[in-house]
Amino acid sequence: MKMILNERQHAEEALEYGKMDKKPTKTLVCIAKLCLEEGKSKSDTYNVLHEFMAKSYPNYNTVHWESFFYRVIHQATRYIKTREERGKKSLIEIEHVSITHKELNQIRELRSKRLEKLAFVLLVYSKINNQIHENNLYWINHAWSEIYSDTGMAVSKKDQGLLVYKLIHSGLLKESRRFDSTSVQVLFAHPEDAIAIRLTRFDDFILEYLRWTGETVKDCSVCGKRVLAKSNRLKYCKNCKKKLGK
């Protein structure tokens, strides 16, 4: 998942350990939000961003980044102000997403692995959006390329639309009334039911659904990455296996 779901933790780890997202701009936005939420001035926030990049980013050039820092700070200031005016938290801090037995059983009834994977991912996205926007509307407006990436499936654009249409036709989704919108609403959420899966990690989270269906999913004994295993003997993910020369 490309989203940063715990902005506070991400910013704190970036400042302490020099960790950075593949897209540095995402990390800078989180740091700016954290600084402003803590009451730092815009100039102090600029200095924090500058010092972070100077330490953590190869070939950092102040001139190239200066205008971007000010833009990030301005956007973060407006974002925090808007959130506070609406009585919402300044930073996104999602620690887990819970999936219930009733939701999983309804997904399983689709009897199509491709539709099941897509429905599961859409359900997770909708619950994440609920936490971000602090509502219970279950709407999704993310890029479909990002959503399908999290399903772990290679799907053509034509088939992407077809799979979504099938979920709409089956009554699990509702499309937006706006003709220019690709947003959909999940209609099969049952948060009142008993929890079956509690997601705390969102890298390859589709594997938790496959684990629930009975497939063998193991954690790499070196890096902890989840791996779909063909046998119980599997110990390492592909990258670690290559590094170890196994």
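The values are calculated or read from the model by the stated rules, or taken from the named source; none is laboratory data. Source: prediction; values computed, not measured. Every residue, glycine as well, gets a Cβ built from its backbone with ideal geometry; the counts of neighbours run over all protein chains shown. Please note that ligands, DNA and RNA were not included when accessible areas were found on the heavy atoms of the full protein model with its side chains. Shrake-Rupley method; radii C 1.70, N 1.55, O 1.52, S 1.80 Å.
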- Message: Using helices alone, I'd like the mean residue ellipticity at 222 nm for the chain: each DSSP H run of four-plus residues gives -39500 (n - 2.57), total over residue count, nearest 500.
- Response: -16500 deg cm²/dmol
- Task: Taking the convex hull of the Cα atoms, report for region 186-230 its projected area averaged over all directions, in nm².
- Result: 4.2 nm²
- Query: For HIS96 and GLN9 in the same chain, what is the full-extension length gain: residue separation times 0.36 nm, less their Cα-Cα distance, in nm?
  - Reply: 30.0 nm
- Task: Give me the aspartates and glutamates in straight-line cross-link reach of LYS81: C-alpha distance below 13 Å, same-chain residues under 8 apart excluded.
- Result: GLU37
- Task: Using a 1.4 angstrom probe on heavy atoms only, work out the carbon and sulfur share of the accessible area of region 172-233 in %.
- Result: 48 percent
- For an R0 of 41 angstrom, estimate the FRET efficiency from the Cβ-Cβ distance between SER183 and ARG211 and round to the nearest 0.05. 0.90
- Query: What is the chain's relative contact order, in percent, from Cα pairs under 8 angstrom and six or more apart in sequence?
  - Reply: 17 percent
- Query: Tell me, what is the per residue accessible area of region 36-128 in Å², probe radius 1.4 Å?
  - Reply: 55 Å²
- Calculate, for LEU162 and LYS2, the FRET efficiency according to 1/(1 + (r/R0)^6) with r their C-beta to C-beta distance and R0 25 Å; round to the nearest 0.05. 0.55
- Message: Test of understanding: what is the full-extension gain from THR77 to THR62, defined as 0.36 nm times their sequence separation minus their Cα-Cα distance?
- Response: 3.2 nm
- Query: Which percent of the Cα-Cα distances in region 14-131 go past 25 Å?
  - Reply: 43 percent
- Query: Put a dot 7 Å past each Cα toward the Cβ at ASN232 and ARG108; how far apart are the dots in nm?
  - Reply: 2.2 nm
- How many Lys pairs in region 182-246 lie less than 17 angstrom apart by Cα atoms, where the lysines are 8 or more positions apart or on different chains? 16
- Message: I'd like the FRET efficiency for ALA196 and LYS19, computed as 1/(1 + (r/R0)^6) with the beta carbon distance as r and R0 of 30 Å, rounded to 0.05.
- Response: 0.40
- Could the peptides 3-10, 114-121, 208-215 be put in order, highest first, of the mean number of other beta-carbon atoms found within 10 Å of their residues? 114-121, 3-10, 208-215
- Cα principal axis extents for the chain, largest first, Å: 56, 54, 36
- Query: About its Cα centre, how strong a charge dipole does region 74-207 have in debye, to the nearest 20, once Lys and Arg get +1 and Asp and Glu get -1 at the Cβ?
  - Reply: 300 debye
- Item | Projected label distance in nm at SER221 and ASP44, using a 7 Å step from Cα toward the beta-carbon | 5.0 nm
- Message: Counting only protein heavy atoms and a 1.4 Å probe, tell me what percentage of region 109-153's accessible area is made up of carbon and sulfur.
- Response: 46 percent
